[in-house]
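Please read the structure below before turning to the comments.
The values are calculated or read from the model by the stated rules, or taken from the named source; none is laboratory data. For clarity, every value in this text was computed on a predicted model and none was experimentally measured. Cβ atoms come from the backbone with ideal geometry, glycine included; neighbour counts cover every protein chain shown. Note: accessible area is taken over every heavy atom of the protein model, side chains too, but ligands, DNA and RNA are not part of it. Shrake-Rupley method; radii C 1.70, N 1.55, O 1.52, S 1.80 Å.
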Amino acid sequence: MDDLEGEIRQLIAEIVEMEPENLSPEADFIKDLGLDSLRALEVLAALERRYRIQIPQERLLELTSLRRVVQVTREVLAQAQGAA
Amino acid sequence: MLSFEQIKEYLAQRFPLLMVDRVLEVEKDRRIVALKHVSGNEIFFLGHFPRFSILPGVLVIEAVAQSAALLFAYSRGGPPAEGHFLALGTVRSMHFVRPVLPGDSMRIEVQVQAQVPTGAVVDAVVTTDSGEVARGTLVFGLARTPP
């Protein structure tokens with residue numbers, strides 16, 4: 001687990017009110033964790049605030065698990081750094 | 001700037017729970033600064049408390065929620081479609097620093113952190129002449145009006 005995944009795990013765990021170590025990378029936010037749309041929006045806000053990025057709305061549906069969130073965040077960060 | 005009459009076009013709340021008197025600044029999809037003058041004549045001071053008047057903290061949150069709903073509606077050119085309203089879904093955090101008393105004017109600044117067509121996460125800071133009274137983060141979602 002790298003730093004980014006560890007940070008995002010911590011951030012999501014706070015929102016879903018779970019212990020970070022219990023958050024499986026593959027757990028589906030809706031089916032497995034019972035995340036509703038407002039909590040999903042909180043995850044988005046937390047990511048955007050923490051990493052000063054803007055995740056395009058068309059990518060929101062991809063944010064379905066910790067693994068997918070890390071992947072999307074990594075891509076958006078790389079694009080932002082490439083554009084800078 | 002939006003006047004009280006214009007505010008009523010965007011918000012469904014009415015006396016005694018319309019908690020915004022005026023909008024000082026508004027930037028679509030970004031931020032709003034609203035004003036609520038608190039009079040000793042407000043009906044909720046009858047019971048909170050009979051011997052010393054303090055604006056209930058939940059009404060500070062309500063003022064923030066209405067300011068956020070105003071921003072959401074203003075940014076979309078009008079209130080949510082018939083049968084819908086912007087519901088407060090989560091109070092992620094709200095810290096009360098000092099009480100709001102009769103005679104205070106609350107300056108409510110709300111900043112959008114993230115939003116989608118059906119909801120938003122906002123940060124809010126409420127101040128009076130005495131300084132900061134509350135700050136927090138709230139989450140809203142579009143909901144159906146109860147039948």
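So, in the range B:126-147, of the ones that are open to solvent by 30 Å² or more (accessible area, probe 1.4 Å), under 22 Å from B:Glu42 (Cβ atoms) and in a strand (DSSP E or B), which residue ends up nearest to the other protein chains (Cβ to nearest Cβ)? Filtering first and then ranking leaves B:Glu132. Among the residues of the range B:101-125, just one is over 25 Å from B:Phe49 (Cα atoms) and more than 14 Å from chain A (Cβ to nearest Cβ), namely B:Glu109.
Only a single item in (1) away from chain B (no Cβ under 14 Å); (2) hydroxyl-bearing (Ser, Thr, Tyr); (3) closer than 23 Å to B:Gln111 by Cα is not met by A:Thr64, and it is number (3).
Looking at this structure, is A:Glu58 part of a helix (DSSP H, G or I), among the acidic types (Asp, Glu) and more than 14 Å from chain B (Cβ to nearest Cβ)? Step through it out loud before you land on a result.
Working: part of a helix (DSSP H, G or I): yes; among the acidic types (Asp, Glu): yes; more than 14 Å from chain B (Cβ to nearest Cβ): no.
No.
The set of residues in the range A:29-44 that are over 12 Å from the mean Cα position of the chain (by Cα) and under 11 Å from A:Thr64 (Cβ atoms) comprises A:Ile30, A:Lys31, A:Asp32, A:Leu33, A:Leu35. Checking the condition of a type in the set (Asp, Glu), modelled with pLDDT of 90 or more and open to solvent by 70 Å² or more (accessible area, probe 1.4 Å), which residue from A:Glu48, A:Glu58, A:Glu26 passes? Of A:Glu48, A:Glu58, A:Glu26, the one residue that is of a type in the set (Asp, Glu), modelled with pLDDT of 90 or more and open to solvent by 70 Å² or more (accessible area, probe 1.4 Å) is A:Glu26.
Looking at B:Val122, is it out of contact with any Cys (no Cβ under 8 Å at 6 or more places or on another chain), within 21 Å of A:Arg50 (Cα to Cα) and surrounded by 16 or more Cβ atoms within 10 Å (Cβ to Cβ)? Taking the combined requirement at face value, the residue satisfies it.
If the condition is being closer than 30 Å to B:Gly40 by Cβ, out of contact with any helix residue (DSSP H, G or I) (no Cβ under 6 Å at 6 or more places or on another chain) and not hydroxyl-bearing (Ser, Thr, Tyr), then the range B:127-147 contributes B:Asp129, B:Gly131, B:Glu132, B:Val133, B:Arg135, B:Gly136, B:Leu138. Take the range B:5-45 and flag every residue that is surrounded by 13 or more Cβ atoms within 10 Å (Cβ to Cβ), more than 12 Å from the chain's Cα centre (by Cα) and without any contact (Cβ under 8 Å) to a residue 40 or more places away in the chain. Within the range B:5-45, B:Gln6, B:Lys8, B:Glu27, B:Phe44 qualify. The set of residues in the range A:61-84 that are in contact (Cβ under 8 Å) with a residue 12 or more places away in the chain and open to solvent by 20 Å² or more (accessible area, probe 1.4 Å) comprises A:Leu63, A:Thr64, A:Arg67, A:Arg74, A:Leu77, A:Ala80.
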